[in-house]
Structures are given as structure tokens and as C-alpha cells.
Amino acid sequence: MTAISIIGLGNMARALAGRALAGGHAVEIIGRDQVKAKELAATLGGASVGTPGAAPTGDIVILAMPYAVAAAVVRQYGNALSGKVIVDITNPVTPDLQGFVVPDNSSGAQELAKAAPGDAPVVKAFNTVFSHILAAGPAEDRPLDIFIAGDDEQAKARLSAFVESLGLRPWDIGELFMARALENVGLLELGLMTHSVKHTNFSLGLTVLD
């Protein structure tokens, strides 16, 4: 069992918390609106509610919030995140879906790493899967792939083990600079949703040929 803290109260927070609880993990829900946090925890059953600003209890802390506020949240917690694995699930795209709100030579995850304590590695993951697909999990014997990027090998191994415990398939794609590629995949999915597929009932994954 792993202790997981999820900061955020949206659809991705709900999906991740539900799968984590089903996988036998301890889940802490943290949100600025304590009423909504308690309502979400009650709906899920088995999750605890953390106090905003207090040190998260989880060994893995998932930032399930818009990118626009994520760096501020990381700075707010500061050294309370020391020794924890920080998971960035954001897609820092512009409102018109024409690009990104981060520097050209960087990524959302890399910018968040600058705000995090030095001993709290940031790992990019879960940004290429829609919340309802994540909540539903694998279907028709097709695995649901989760791509992971990060500089800390131990942190990636811990997160990969967590992903596997959820019945999902982790793929290590390399160091944290590869988060740029994952964020581009997130934008690609939004493009598919807007221009061709016209809905979000799809996922992108890897087929390994023998």
C-alpha cells in the first residue's frame, strides 16, 4: 500500500482517487474548499481529507489542478514536500489550443520542478488520458497506457509500481525534458477531440509488435 495525496477536486482528482482506493492505497484529498473536499471523500468512500497548507501525508503527491495555479501551490507547500514524489498531470496549453504557456525550451513539469524542493522529484504522468477513461480503466482486454517522464529513476520506479497497482500499464519515456513530448501529446489529443474524433471517448497507447 502506498500513501497518496491528491491536491485538487476536479474530475482527474476523482478518477485518480477512485482507482487508488480500489487498488488498496491510502488516499488523502486536499482542496481549498473543505466542504467540497469532504463531499468528494464521502462520495469515494475511504479517503481522508487533508488541510490546505499542511504537509501532505502521502509519499506521492499528485497535482490534479490547472497548470496556471500549480506552481503557486508547489511554492506554498515549500519544504513540506521534501522527500515526496510530485506528480504533474497538467497540460499547460493556451486557451485557443494553439500552443503552450511555458517557454519554448521548457515544459510545465520542468517549470514546476524549479519551484519544488531539491529533494522532491517531479515526474510527469497521467496527462495523456482523459478523466472518464482513467476512471473506467482498461476495456476489452486493451491496456491503458500511462507515460512517465522524470530525472529521478527511483521516483519513476515508485510511480510505475503505483500505476501497475491501478491495473494500468506504465511506460518510462526518459528524463524530465521528455515532458515536453507528453504535453504535445496532450495537445494532439485536444486537436483530435476538436477536429476529427469530436468526442473524448478515446485514448492513445502503445502497441508492441512481436
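Residues that are in contact (Cβ under 8 Å) with a residue 60 or more places away in the chain and closer than 16 Å to residue 122 by Cβ within region 153-175 comprise 155, 158, 159, 162, listed in sequence order. With the requirement that a residue be in contact with a Gly (Cβ under 7 Å, 6 or more places away or on another chain) and of a type in the set (Phe, Trp, Tyr), what does region 169-202 give you? Scanning region 169-202 gives no hits. In region 107-120, the residue that is surrounded by the fewest Cβ atoms within 10 Å (Cβ to Cβ) out of those that are out of contact with any Lys or Arg (no Cβ under 7 Å at 6 or more places or on another chain) and under 25 Å from residue 203 (Cα atoms) is 110. For region 14-27, does any single residue satisfy the condition of being modelled with pLDDT under 95, part of a loop (DSSP other than H, G, I, E, B), touching a Leu at 6+ places or on another chain (Cβ under 8 Å) and crowded, with 17+ Cβ neighbours inside 10 Å? Scanning region 14-27 turns up at least one residue that is modelled with pLDDT under 95, part of a loop (DSSP other than H, G, I, E, B), touching a Leu at 6+ places or on another chain (Cβ under 8 Å) and crowded, with 17+ Cβ neighbours inside 10 Å.
Taking region 177-196 as the range and being acidic (Asp, Glu) and over 13 Å from residue 148 (Cα atoms) as the test, only 189 passes.
Filtered by the rule that a residue be surrounded by 16 or more Cβ atoms within 10 Å (Cβ to Cβ), charged (D, E, K, R) and closer than 15 Å to residue 16 by Cβ, region 121-173 gives a lone residue, 124. Among the residues making up region 155-187, those that are in contact with a Leu (Cβ under 8 Å, 6 or more places away or on another chain) and either assigned to a helix (DSSP H, G or I) or of a type in the set (S, T, N, Q) (or both) are 185, 187.
Within region 114-152, the set of residues being part of a strand (DSSP E or B), farther than 25 Å from residue 79 by Cβ and not β-branched (Val, Ile, Thr) comprises 139, 142, 145, 147.
In region 53-96, the qualifying residues are those that are of a type in the set (D, E, K, R) and touching a residue at least 12 places away in the same chain (Cβ under 8 Å), and the one that is surrounded by the fewest Cβ atoms within 10 Å (Cβ to Cβ) is 75. Residue 208: hydrophobic (A, V, I, L, M, F, W, C), crowded, with 19+ Cβ neighbours inside 10 Å and out of contact with any strand residue (DSSP E or B) (no Cβ under 9 Å at 6 or more places or on another chain), yes or no? No; evaluated as a whole, the condition is false for this residue. Pull up region 188-210, narrow it to residues that are assigned to a loop (DSSP other than H, G, I, E, B) and of a type in the set (A, V, I, L, M), then point me to the one that is farthest from residue 67 (Cα to Cα). Taking the candidates together, the pick is 209. For region 126-152, a residue qualifies if it is free of Cβ contacts under 8 Å to residues at least 40 places away in the same chain and of a type in the set (A, V, I, L, M, F, W, C), and the qualifying residues are 136, 139, 146, 147, 148. All told, residue 22 falls short of being touching a His at 6+ places or on another chain (Cβ under 9 Å) and within 23 Å of residue 160 (Cα to Cα).
The values are calculated or read from the model by the stated rules, or taken from the named source; none is laboratory data. Every value quoted in this text rests on a predicted model; they were computed, and no experiment measured them. Using ideal geometry, Cβ is built from the backbone for each residue, glycine included, and neighbour counts are taken over all protein chains shown.
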